[in-house]
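Remarks on the structure that follows.
What follows is calculated from the coordinates using simple rules that are stated; it is not laboratory data. Please read these numbers as outputs of a predicted model, since none were measured by experiment. Using ideal geometry, Cβ is built from the backbone for each residue, glycine included, and neighbour counts are taken over all protein chains shown.
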Amino acid sequence: MDTMNRLKKDLIETGSFGRTPPKRIERYDQLDPRQGVTRPAGTEENRKIRDYAVERMKEAGLTVKIDKIGNIFGRKEGSKTNTGTVMSGSHLDSALNGGMFDGALGVFSAIEAIRRMNDEGFENERPLEVVVFTAEEGSAFSPTILASSVLVGEMSIDEAWNRKNATGQTLGEVLENIGYKDSFERSLDDVEYFIETHVEQGPILDKEGISVGVVENIAGMMWLMLTILGAENHAGSTPMTMRHDALVAAADIVSFVNKRANDLVAKSGAATVGTVGRLNVFPNGGNIIPGRVEMVIDIRDVIWENMESLKNEALKTARDIETNTGSVSARN
Ligand SMILES: [Zn+2]
């Protein structure tokens, strides 16, 4: 089987794991955005794709080890012992109704690279290692990038084991259930290069018909949580001139964030994105003037100053609304 078909086979096979109803997707036009794959960390479907990857790793001659938090490492030693490791991989858990290439592409393309070297009799000097990170998506256990956080020492193993999913099981328990809690301890000190192939997470390459892009920056993210306080009152009996409507104030802030982010992009070519994706309106009654609104403003950019400036302007807008309306107040 040629290289492309071998990788394609892995992606098609594993793309059926966690798909309800079960279906093999063989062509791009068969993909249905409403029927993705669901295989959160520690589920039976997650075990299936892990087992599949481990089999492929072993077939490719890799030595497979599992660490305490279920990360999988498949290693091929190099001919020189004094050089750093080249590591490549991604994750095999998925978002709920996630994409079949998300994570899987990075893992199976790394395995394919090893197979290709084997085919061609290429002798690697550096050690090569394929890695699968546990619980990257946060779809069962928060936060996201959970086990890679443990690996780099940002989270303790006990804290990670004790994270609970929606049904109250701990990550330690579910990893034990699926047979992916072992004892390997991996320090990353020897890793000199890391390569992750990942399906595009936005629409740009696809729209422009470009097959591969190289990530130059990873965007920072900032959440601004605001509570807008107004005065709850009856929608029928309160005259327009005597209202302190928290949702009207919130709407102004939503519009401002969107407009200002667009301005930054248009004027300076910034990569800024600003979104209000969550509004909780209280009491949320059809005939009641909203007295309180909670909102989350999500701001991202590759340049910190741009995020700071959008945050400060959003706060200023909130303060201006407070000044102009008298009793509407915004708190963050
Ligand atoms: Zn991913």
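Packing-based ranking of 301-310, 315-324 yields 301-310, 315-324, ordered from highest to lowest mean Cβ neighbour count within 10 Å. For the chain, the mean residue ellipticity at 222 nm estimated from helices alone is -10500 deg cm²/dmol, where every DSSP H run of n ≥ 4 contributes -39500 (n - 2.57) and the total is divided by all residues, rounded to the nearest 500.
Rounded to the nearest 0.05, the FRET efficiency derived from the C-beta distance between Met242 and Asp190 at R0 = 45 Å is 0.05.
Using a simple spin-label model with pseudo-atoms 7 Å out from Cα toward Cβ, Lys259 and Thr275 lie 2.2 nm apart.
When both bridge partners sit in the range 62-142, DSSP labels roughly 60% of those beta bridges antiparallel. Among the listed pairs Lys207/Lys311; Lys8/Lys76; Lys9/Lys58; Lys8/Lys164; Lys164/Lys316, those whose Cα-Cα separation exceeds 27 Å are Lys207/Lys311; Lys8/Lys164; Lys164/Lys316. Please work out the C-alpha center-to-center distance from the range 140-167 to the range 261-332 and express it in whole Å. If we compute the Cα centre of each part, the gap is 31 Å.
I'd like to compare 245-258, 114-127: which one has the highest average count of other Cβ atoms within 10 Å, and what's the full order after that?
By packing density, highest mean first, the sequence is 245-258, 114-127.
Put +1 on the Cβ of each Lys and Arg and -1 on the Cβ of each Asp and Glu in the chain; which of Asn284, Leu96, Trp223 then has its Cα farthest toward the positive end of the dipole? My answer, from the dipole projection, is Asn284. Determine the gain in length on full extension of the stretch Asn82-Val152; use 0.36 nm per residue of separation and subtract their C-alpha separation, reporting nm with one decimal. Taking Asn82 through Val152 to full extension adds about 23.0 nm, to one decimal. The long axis of helix 3-14 is offset from the longest Cα principal axis of the chain by roughly 60 degrees. Comparing Leu151, Leu224, Leu96 in a Gaussian network model of the chain (Cα springs below 10 Å), the most mobile by mean-square fluctuation is Leu224. Each Lys and Arg Cβ is given +1 and each Asp and Glu Cβ -1; about its Cα centre, the chain then shows a dipole of about 760 debye. The C-alpha atoms of the chain define a longest principal axis, and helix 104-120 lies at about 20 degrees to it. Only Lys, Arg, Asp and Glu carry charge here, each on its Cβ (+1 for the first two, -1 for the last two); on that basis the range 36-183 has a dipole of about 120 debye about its Cα centre. Compared with the dominant Cα axis of the chain, that is its longest principal axis, helix 304-325 is turned about 20°. Listed values for the range 85-99 are Karplus-derived 3J(HN,Hα) couplings in whole Hz (6.51 cos²θ - 1.76 cosθ + 1.60, θ = phi - 60°), namely 7, 9, 10, 8, x, 6, 10, 10, 7, 10, 6, 6, 6, x, x, and x replaces Gly and Pro.
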